[in-house]
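Here's the structure we're looking at; comments come further down.
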Amino acid sequence: YHFETMEAIIGKSPAIKKIKTLIEKIAPTDSTILIQGETGTGKELISKAIHNMSKRTDKPFVAINCSAIPETLIESELFGYKKGSFTGAIENRGGLFEASNEGTFFMDEIGEMHLSLQAKLLRVIENGEIRRIGENETRKVDIRVISATNKDLWRLVEAGKFREDLYFRLNVVQIFIPPLRERKEDIPPLIRHFLEIYNTKYEKNV
């Protein structure tokens, strides 16, 4: 069972049909995309479908959860570092932006990103440039950025917790996934879908 295809987006509700139509339109482009929806609504699933229907499908898909990595580590994870630039930097290392070059970079919980790092992300999106920690050399990367959040990013902008210029760069195309409680007609096909998976896995016939 593969989570990377359009067939993995299960549902027959108008909302799901609309999302699938939008994916078909935007996948071949390089537009940055902001996916909004509650936790568990399938934001990464949709980002993978977009990647696999794009011209970057044979290139890397790299995902990061901005809330899962400590603030002190996330910059080195994203940008990489030069040997000796800080305690523990025992070798030169490229970051996740370099690892996803020519592919798709998915950033979940983007609203958790610290303001100082937001400015550096903006430069990546605008100029395709990164700089490893401790280096003066600028490196070019070609990535498509898809971000996701379960928060109202515009409220964070108004509160001064998220950069307005970055918000508009990320929000070129917006996909909103309503929670399952608002599209109950999707419950029966989801039940059938998971029954099929687990019947096969456990050799049952429920």
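Of the listed residues ILE133, ILE50, the order by accessible area with a 1.4 Å probe, largest first, is ILE133, ILE50.
The P(r) of segment 1-107 has a tail past 25 Å containing 32 percent of all C-alpha pairs.
Close amide H partners of ILE35, meaning residues 5 or more places away or on another chain with modelled amide H under 5 Å apart, are SER147, ALA148, THR149, ILE175. Of the residues GLU71, GLU126, GLU203, the one with the largest accessible area comes first in the ranking GLU203, GLU71, GLU126, computed with a 1.4 Å probe on protein heavy atoms.
For segment 66-206, the alpha carbon positions stretch 60, 41, 27 Å along the principal axes, listed from largest to smallest.
In a DSSP loop and with at most 14 other Cβ atoms within 10 Å, the chymotrypsin sites (Phe, Trp or Tyr not before Pro) in segment 79-163 are PHE86. Counting only protein heavy atoms and a probe of 1.4 Å, the accessible surface of the chain is 50% carbon and sulfur. Each distinct pair of alpha carbons in segment 127-206 adds a 1/r term; the inverse of their mean, the Kirkwood radius, is 17.5 Å. The value obtained for segment 62-147, namely the Cα convex hull volume divided by the number of residues, is 88 Å³ per residue. Among DSSP beta bridges lying fully in the chain, give the percent that are antiparallel, nearest 5. Among the beta bridges of the chain, antiparallel pairing accounts for roughly 15 percent. When the P(r) of segment 6-68 is calculated, the portion above 20 Å amounts to 25% of the C-alpha pairs.
Helical content alone sets the calculated 222 nm signal of the chain at -11000 deg cm²/dmol, taking -39,500 (n - 2.57) per DSSP H segment of four or more residues and averaging over every residue. Per-residue surface analysis assigns ILE35 an accessible area of about 0 Å², computed on protein heavy atoms at 1.4 Å probe radius. Taking a span of 24 Å or more along the helix axis (Cα atoms) and a mean Kyte-Doolittle hydropathy of at least 0.5 as the rule, no DSSP H helix of the chain qualifies.
The values are calculated or read from the model by the stated rules, or taken from the named source; none is laboratory data. What you see is a predicted model, and the numbers here were worked out from it, not measured in a lab. Don't worry about glycine lacking a Cβ; one is built from the backbone with ideal geometry, like all the others, and counts go over all protein chains shown. The protein model used for the area step is the full one, side chains on, heavy atoms only, and it has no ligands, DNA or RNA in it. Shrake-Rupley method; radii C 1.70, N 1.55, O 1.52, S 1.80 Å.
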